[in-house]
Amino acid sequence: MKLQDTEKLIEAVKEQTKDEFDDYVDTVFTAHRAARHGYDEDAPTWDFANSVFFTTTMLTSIGYGYVAPSTFGGRLFGVIYCLIGIPLTLVTVANVAKFISESIFLVHYELWKSWMRWKAKRKGEVETDPNQPMFADDEDEQEILDRVKLVRFPPIVVFAFVFLYGLLASYLVKRGETWTYVESMYFVFISILTVGFGDFRPSAGNIWITLGLVLGGVILTTMCMDVVGRMYLKEIHYLGRKLKSNNPFYLIREAKARRRRAAMASLLAQLAKGMIFAHKDYSELARKKSKKKKVKRRGSHVLPNEKFMFARLPPDPPSDCQVVSTSAYSVRLAWAPAFSTDSDLTYNIRYRLKHNEDAKTRELRGIKGNAVEIMSVDSCSLYEFRITAVSKFGESKPVYLVQYTEPQLSPQHILATRLSANSIELTWEPPYKKSHEVKNYIVYFTENPNASLSEWEKIPVNGRRVVFPDLRFDWFYMFSATAVFKDGQRSPLSRALFIKTDKIEFHKHCVGQSRTIEVMDSICDKEETETTALLKRDYASFAV
């Protein structure tokens, strides 16, 4: 056969079998896609090892990307599997890392303690008894801070441990692959940092070793972040801020100060029995349901002239409710008028003994003014008052006041009156019992409510009135009084009064003026020494 005839025969065969050959190639490629998972030419098969490797790297959020589901069912399963599995995996990895970090801290502390004992023995120091209490009651805070040392685990050791682990894992992975050591190290660190580019992939015979090394690296990396986060990230985050929690010895100082605050709280609880506790909506009181039937509110309606009538609603609660003064058998209350469009507005007051479920609730109805004195109460008792505003459209929500009544021997109805921005006048009434035996009164005052009673300033007063001039502007003061009897005994302290002075005001017509001439004239009128104050501050006491 000639060469030309052979070439013609080949062309004819190709032309006649082209369609059948294309169908064969499509069939083989479809079978290849069904048996492989991925889109690369050398994608691995769906065997058990590759399936475990795929699902594990998906849960750790590495996701190399060279393997991926191709069917709708596989993709749906992957989404649901990640939504449930990734949070659980993160929690598990975090708990394991926490356990490892705590173990490392314990080992580090034991090694540090052994080192300190060895140094103490070398210096000849006596070892302390472990059963001895850490802090003595009479120790000062500075003494405790000088004796306490903060032991910190060096984070560079954790980073070095993770880095050495990566180097060792790179060597073990390289033994089963054809990569260089640098390529193996690149694959390991990219994997344990959960980046997973997918440009390098383990071979079929090295999957299990690689998977175990990657999971161990992820746990160690999480442990490293936990150690650094607990020790240093908080200080970096609050760098430059004056937060006492940044001080590692804050808890020690707080434990020492807690005892002082407990003793102070006990003293203030006795001193401030007359303190006013005014509130509008305590959660405890709000949960109590009224025994009386609630008044049904009348709804609004449209007037004939098509103007909306909103005035048919109950009035607002009275504002600025306060206890003006107390005695052994009476309490004086005052409040600001409640908002209401009804001019005929009255007030109701219900009161009873606090913390006594069997106590009878008493009621005062139809009070016209904005102040009232409630009589016939028991001395040294805690009462609860509920003030409501009433109009023809209903009753407002109550405002609650809680107040102690005075003991019978204490000064009664102690009251503070502001004479000026920084001047306070205190007045009171004599005790109910032994009023004729009162020799004088003592008024305690302080500008630091947290100070103990021994640190308060006190002045004797012959009458029942005293004026405090030249106080600090815009400052809080606390006052209390006691009666001194002729036999030398003293009565219980009266209720405590918290007073705030006003801010200083500058007037334009006063700017530039001076009182220097008046001061110099007052100095020249009488002979003064260097130890005498130029401007004498005195408290004015008036006898009644």
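If you keep only loop residues by DSSP, which chymotrypsin sites (Phe, Trp or Tyr not before Pro) in the range 308-402 have at most 10 other Cβ atoms within 10 Å of their Cβ?
Within the range 308-402, the qualifying chymotrypsin sites (Phe, Trp or Tyr not before Pro) (loop, at most 10 other Cβ atoms within 10 Å) are Phe310.
Subtracting the Cα-Cα distance of Phe159 and Phe48 from their residue separation scaled by 0.36 nm leaves 36.5 nm.
Grab the beta carbon distance between Arg352 and Val467, set R0 = 35 Å, and tell me the FRET efficiency rounded to 0.05. Display every interim value, and only then the final one.
On the way: r = 38 Å, r/R0 = 1.08.
That pair, Arg352 with Val467, gives E of 0.40.
Among the GluC sites (Glu not before Pro) found in the range 454-505, those both in a DSSP coil and sparsely packed, with 10 or fewer other Cβ atoms within 10 Å of their Cβ, are Glu505.
Were the residues from Asn370 through Thr71 laid out at 0.36 nm apart, the gain over their Cα-Cα distance would be 99.6 nm. With the simple spin-label model, which puts each label point 7 Å out from Cα in the Cβ direction, the Ser454 to Val28 separation comes to 10.2 nm. Per residue, the range 359-409 exposes an accessible area of 47 Å² to a 1.4 Å probe, with every protein chain left in place.
For Thr56 and Lys486 in one chain, what is 0.36 nm times their gap in residues minus the Cα-Cα distance, to one decimal in nm? It would help to have the intermediate numbers written out before the result.
Values: separation 430, 0.36 × 430 = 154.80 nm, distance 8.98 nm.
Answer, rounded to one decimal: 145.8 nm.
Compute the FRET efficiency between Met225 and Arg175 as 1/(1 + (r/R0)^6), taking r as their Cβ-Cβ distance and R0 = 30 Å, and round to the nearest 0.05. For Met225 and Arg175, the calculated efficiency is 0.55.
Can you tell me which of 443-453, 76-86, 190-200 comes out highest on packing, and rank the rest after it, using the mean Cβ neighbours within 10 Å? Walk me through the intermediate numbers first.
Numbers: 443-453: 15.7, 76-86: 12.3, 190-200: 17.5.
For the peptides 443-453, 76-86, 190-200, the packing ranking is 190-200, 443-453, 76-86.
Using a probe radius of 1.4 Å on heavy atoms only, what accessible surface per residue do you get for the range 167-234? Whole Å² is fine. Before the final figure, lay out each step's value.
Details: 3360 Å² over 68 residues.
Spelled out: the 1.4 Å probe surface of the range 167-234, per residue, equals 49 Å².
Here the accessible area of the range 412-492 is 47 percent carbon and sulfur, with a 1.4 angstrom probe and all protein chains present.
The values are calculated or read from the model by the stated rules, or taken from the named source; none is laboratory data. Note that the structure is a prediction, hence the values are computed from the model and not measured. All Cβ positions, glycine included, derive from the backbone under ideal geometry; neighbour counts span all protein chains shown. Side chains included, ligands, DNA and RNA excluded: accessible areas come from the protein's heavy atoms. Shrake-Rupley method; radii C 1.70, N 1.55, O 1.52, S 1.80 Å.
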